[in-house]
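First up is the structure itself, then whatever we jot down about it.
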């Protein structure tokens, strides 16, 4: 039997556990790492996995000598805000000067400035800007990701964002899962009429579904944004229309958004910095993945991080994501998030790798399709310039990627000058 590509002379091959459900608790501590391994690809899929010695008997059209590098599945980033207009670097100076966010917001800054820039930008302008960021995301070893809307806050601009995501998916090899986050904030024109705005977003769900613009629906359940009851209403309506559910929950205050997510069978509950012990107990009982975003806490200068250690030790499923956005976490670097998970969330290397591969895939409804290297799965993998799998979280702030492959084809590689 002949294969299309043989990848051999692998120093360490990272093989997260294949599972029908997210890895929870003790399962997250388990990570198979094969020494001196090899694998073969046929028709863009993993077709054989074995030792470097066994690879001598493999017939293949092409071969790739990994040079004793570490090889892993492609990383999965399950929470990003990829498409937006403008940028907000001027606000950083104001924050450093101690200007409160609400004051920045009152002056037209904050999320409202991004909404204005997104509304003004053409679809092509948003596409070009998002393409720039997307190429950088791929360079960090990500082969699958989620992208939310949420910077339109009106039907026209929300649909424009989602159309850009669809166009990006059509034109780039990376797999992008789209999420409608219409109720991301309350527009100034709807102050005091929050239910009216929410109903407008509920009505928009039909168009989003008919035009196949998003697979998931999301809402920001937080003090000053949407209440738990409003969030329940929106998510129930979305579920009735066939959307998968996600929720921004318990980022600042513990309002019960995490419990709501589990009760409704949401695929993920994200942020969870303020999640209570009761909320964590709920996570342990369900299959909802806790998507933690330590980069956001770091960028905002907060002292309190999500309690990943408590969640994992209690038996919950945890994933990690960048939360890439222009206001609260301006980075495309999922590797940096892995380092923050080690330093601030006290996660082990094994837990971290599981959180950015197999569990991250489950967090966007792609469990069994991504995040592992198993026979029959797409050959999405990364070669790393690191001596072992524990090194990446340890050496922070740089790009350790050597090359990225999707469906067995190289899509990004470091040049000799890098």
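Filtered by the rule that a residue be surrounded by 15 or more Cβ atoms within 10 Å (Cβ to Cβ) and either at pLDDT below 95 or more than 23 Å from the chain's Cα centre (by Cα) (or both), region 18-44 gives 18, 19, 33, 34, 36, 37, 38, 39, 40, 41, 42, 44.
Residue count for region 195-223 satisfying the condition of being surrounded by fewer than 17 Cβ atoms within 10 Å (Cβ to Cβ), out of contact with any helix residue (DSSP H, G or I) (no Cβ under 9 Å at 6 or more places or on another chain) and outside any helix (DSSP H, G or I): 1. Residue count for region 185-203, restricted to those that are under 23 Å from residue 113 (Cα atoms) and within 28 Å of the chain's Cα centre (by Cα): 7. With respect to residue 269, is the statement that it is modelled with pLDDT of 95 or more and assigned to a strand (DSSP E or B) true? Judged against the criteria, residue 269 is a match. Within region 230-246, being crowded, with 17+ Cβ neighbours inside 10 Å, in a helix (DSSP H, G or I) and within 22 Å of the chain's Cα centre (by Cα) holds for 231, 235, 238. Taking the criterion of being touching a residue at least 12 places away in the same chain (Cβ under 8 Å), under 25 Å from the mean Cα position of the chain (by Cα), more than 26 Å from residue 133 (Cβ to Cβ) and part of a loop (DSSP other than H, G, I, E, B), would at least one residue in region 162-184 satisfy it? No, that holds for no residue.
Within the bounds of region 388-401, is there any residue that is assigned to a strand (DSSP E or B), modelled with pLDDT of 95 or more and on the phi < 0 side of the Ramachandran plot? Yes, because at least one residue in region 388-401 is assigned to a strand (DSSP E or B), modelled with pLDDT of 95 or more and on the phi < 0 side of the Ramachandran plot.
Can you confirm whether region 71-83 contains a residue that is surrounded by fewer than 19 Cβ atoms within 10 Å (Cβ to Cβ) and either free of Cβ contacts under 8 Å to residues at least 24 places away in the same chain or part of a loop (DSSP other than H, G, I, E, B) (or both)? No, the conditions are met nowhere in region 71-83.
Taken as a whole, the condition of being more than 20 Å from the chain's Cα centre (by Cα) and at pLDDT below 95 does not apply to residue 7. Of the conditions (1) without any contact (Cβ under 8 Å) to a residue 12 or more places away in the chain; (2) surrounded by 19 or more Cβ atoms within 10 Å (Cβ to Cβ), residue 372 fails just one. Which one is it? Looking at each condition in turn, residue 372 falls short on (1). Here the condition is being under 19 Å from the mean Cα position of the chain (by Cα), crowded, with 16+ Cβ neighbours inside 10 Å and over 30 Å from residue 107 (Cβ atoms); of 266, 275, 279, 249, it holds for 266 alone.
Taken together, 116, 128, 146, 158 contain a single residue that is modelled with pLDDT of 95 or more, loosely packed, with under 15 Cβ neighbours inside 10 Å and either out of contact with any helix residue (DSSP H, G or I) (no Cβ under 6 Å at 6 or more places or on another chain) or not in a helix (DSSP H, G or I) (or both), which is 128. Per the listing 257, 224, the residue uniquely within 21 Å of residue 306 (Cβ to Cβ) and modelled with pLDDT of 95 or more is 257. For residue 295, are the conditions met, namely being part of a loop (DSSP other than H, G, I, E, B) and either modelled with pLDDT under 95 or in contact with a helix residue (DSSP H, G or I) (Cβ under 9 Å, 6 or more places away or on another chain) (or both)? Judged against the criteria, residue 295 is not a match. Checking every residue in region 299-322 against the condition of being buried (at least 22 other Cβ atoms within 10 Å of the Cβ), over 13 Å from residue 272 (Cβ atoms) and either at pLDDT below 95 or touching a helix residue (DSSP H, G or I) at 6+ places or on another chain (Cβ under 6 Å) (or both) gives at least one match.
The values are calculated or read from the model by the stated rules, or taken from the named source; none is laboratory data. Everything numeric in this text was worked out from a predicted model, so none of it was measured. Every residue, glycine as well, gets a Cβ built from its backbone with ideal geometry; the counts of neighbours run over all protein chains shown.
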